[in-house]
């Protein structure tokens, strides 16, 4: 049995540990319930076709178990889900200390609110709102100054499908740590940035014959923008963002968005 220690002096770290523990137990319990449900289903009547398929399966190469699909696809799927949870936990654990420093400085007050619109090469459009919180972190380099922020975004994707002439809607909720660099020059009001985050996209995204196989996906982006207005409180940026599950499960067609964002600092 796994044990997770709660350290009272650091409330934020202890809360994160408990959330991660619940996530691990939920993933394991889900696999257990699926396996139990599969074992409890009554076996269907066997036919001549079943016997023929059984003979064909027994002639698979070494390493493929009889009755399994793709050499134990269920086990591979459980491993991929567990690996995905570990990767997500590692990313959140890395970002938590920086976010905690900013919470102490701002008291959870949002630093920037934004609205965003995006399009794909196909028939999908996205509309997103969100907020960002600046980190209490900054580094100076020969080429410019690097800083970071944490972003929370909620969006809706609209796809015109060719199946019935209707529209498919999905909801995207994401959290992303971002690094931004301002150059040391007369172009200091310009910036470039990049980030990799976690996203819940449900129901499964589908565009014609392309379909995501997971609801949890990674979202990485590169962007360029400019701050303007009084005290540089406003900014506009152009971003290229890619969503996929990083090959944790197939099919994994991925999707690319060209996005424009307007932000205002408070």
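The numbers here are math on the coordinates, done by the rules we state, and not lab data. In this text the structure is predicted, and so the values were computed from the model without any measurement. Glycine also receives a Cβ, built like all others from the backbone with ideal geometry; neighbour counts cover every protein chain displayed.
Of all alpha-carbon pairs in region 110-265, indicate the percentage at a distance above 23 angstrom.
On the way: 4731 of 12090 pairs.
It works out to 39 percent of all Cα pairs.
Would you calculate the separation in nanometres between label points at residue 169 and residue 200, each defined as 7 Å from the Cα along the Cα-to-beta-carbon direction?
Each label point lies 7 Å from its Cα, and together they span 1.8 nm.
Can you give me the distance in nm between label points at residue 129 and residue 246, each placed 7 Å from the Cα along the Cα-to-Cβ direction?
Using points 7 Å along Cα→Cβ, the separation is 3.1 nm.
Test of understanding: what is the full-extension gain from residue 209 to residue 115, defined as 0.36 nm times their sequence separation minus their Cα-Cα distance?
On the way: separation 94, 0.36 × 94 = 33.84 nm, distance 2.97 nm.
Roughly 30.9 nm would be gained on extension.
Explain nothing, just the number: relative contact order of region 110-265, from Cα pairs under 8 Å at least 6 residues apart, as a whole percent. Working shown, then result.
On the way: 415 pairs, mean separation 32.4, N = 156.
It comes to 21 percent, rounded to a whole number.
If packing is taken as the average number of other Cβ atoms within 10 Å across a peptide's residues, how do 244-252, 226-234 rank, most packed first? Please report the intermediate quantities before stating the final value.
Values: 244-252: 15.1, 226-234: 11.8.
Highest to lowest by the protection proxy: 244-252, 226-234.
On full extension of the chain, what length is gained from residue 158 through residue 258, given 0.36 nm per residue of separation minus the C-alpha to C-alpha distance? Write down the numbers at each step before the final one.
Working: separation 100, 0.36 × 100 = 36.00 nm, distance 1.45 nm.
Computed gain between residue 158 and residue 258 is 34.5 nm.
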